[in-house]
Amino acid sequence: MGLPSSTYAREIGPPAPDSTDQKELWIQNISYDGRQTTVTIHFYVQDLLAGENKTVYVVANASITDQSPSDFGQVRVLDDLVTDGPDYNSTPVARAQGLITYADLNVAALAMNMNFVFTSGIFRGSTICILGRNQIDLPERELAVAGGTGFFRSAAGYALTKLYSYDVEKEYGVLEYTLYVTLPGPSPRLPAATALHADV
């Protein structure tokens, strides 16, 4: 379940002061068309539901959660590692932090409120907020990009996510995300004339 052959990394011009001058495979494209900046980002979320180093915790259940076929009413808080590849030891690029609530009486569907907090590269210190309904038995789900900070101030767009792998015994899932983000005007962090797109 790797990336399609048509998906590749692009250099994005001079680095920001807190980044290194290198290709970052998880940043697929940054461009500016004179009206808005568009950014495409691809990464993996390491979702650890059990074990000493787990990153997802149940914080509340409803009175009917135990009898519900969809875990209705359960609330979880998470602080997952985000990496540039599917392997847990891939390069860390962010943390996925937020709340998920099982909010459908009939099917396993999450109401999500999650922030991607970038920890490396040109987006370091910036965040993207995603919201929406995530019906986890679907092969691919769409969530809304509802804003952000730093590089992603006033962000809009959407995120596509799917399950990359799941180890039932370890309760360890890897989730694949592709974000399509738009920003008004040129990027606040990159010089509009030089750094907003480059050929492979």
How many residues does segment 25-50 hold that are within 23 Å of the chain's Cα centre (by Cα), assigned to a loop (DSSP other than H, G, I, E, B) and at pLDDT below 95?
2
Which of the residues that make up segment 150-162 are within 17 Å of MET114 (Cα to Cα) and either within 15 Å of the chain's Cα centre (by Cα) or surrounded by 14 or more Cβ atoms within 10 Å (Cβ to Cβ) (or both)?
GLY150, PHE152, ARG153, ALA155, ALA156, GLY157, TYR158, ALA159, LEU160, THR161, LYS162
Mind checking whether some residue in segment 72-83 is surrounded by fewer than 17 Cβ atoms within 10 Å (Cβ to Cβ) and either in a strand (DSSP E or B) or at pLDDT 95 or above (or both)?
yes
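So that you can scan it fast, the table gives a plain yes or no per residue for (1) among the basic types (Lys, Arg); (2) touching a helix residue (DSSP H, G or I) at 6+ places or on another chain (Cβ under 7 Å); (3) buried (at least 18 other Cβ atoms within 10 Å of the Cβ):
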site: PHE118; (1), (2), (3): no, no, yes
site: THR127; (1), (2), (3): no, yes, yes
site: VAL145; (1), (2), (3): no, no, yes
site: GLY148; (1), (2), (3): no, no, yes
site: TYR166; (1), (2), (3): no, no, no
Identify the residue in segment 144-200 that is outside any strand (DSSP E or B) and hydroxyl-bearing (Ser, Thr, Tyr) and, among all such residues, is modelled with the lowest pLDDT.
THR194
With at pLDDT 95 or above and over 21 Å from ALA62 (Cα atoms) as the only criterion, which of ALA103, ALA94, ALA109 stands out?
ALA94
From the option list ALA94, ALA62, single residue qualifying as assigned to a loop (DSSP other than H, G, I, E, B), in contact (Cβ under 8 Å) with a residue 12 or more places away in the chain and among the aliphatic types (A, V, I, L, M) is ALA62
Has segment 95-109 got any residue that is more than 12 Å from the chain's Cα centre (by Cα), surrounded by 17 or more Cβ atoms within 10 Å (Cβ to Cβ) and closer than 15 Å to ILE41 by Cα?
no
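The values are calculated or read from the model by the stated rules, or taken from the named source; none is laboratory data. Remember, predicted model here, so these are calculated numbers, not experimental data. No Cβ is skipped: glycine too gets one built from the backbone with ideal geometry, and neighbour counts run over all protein chains shown.
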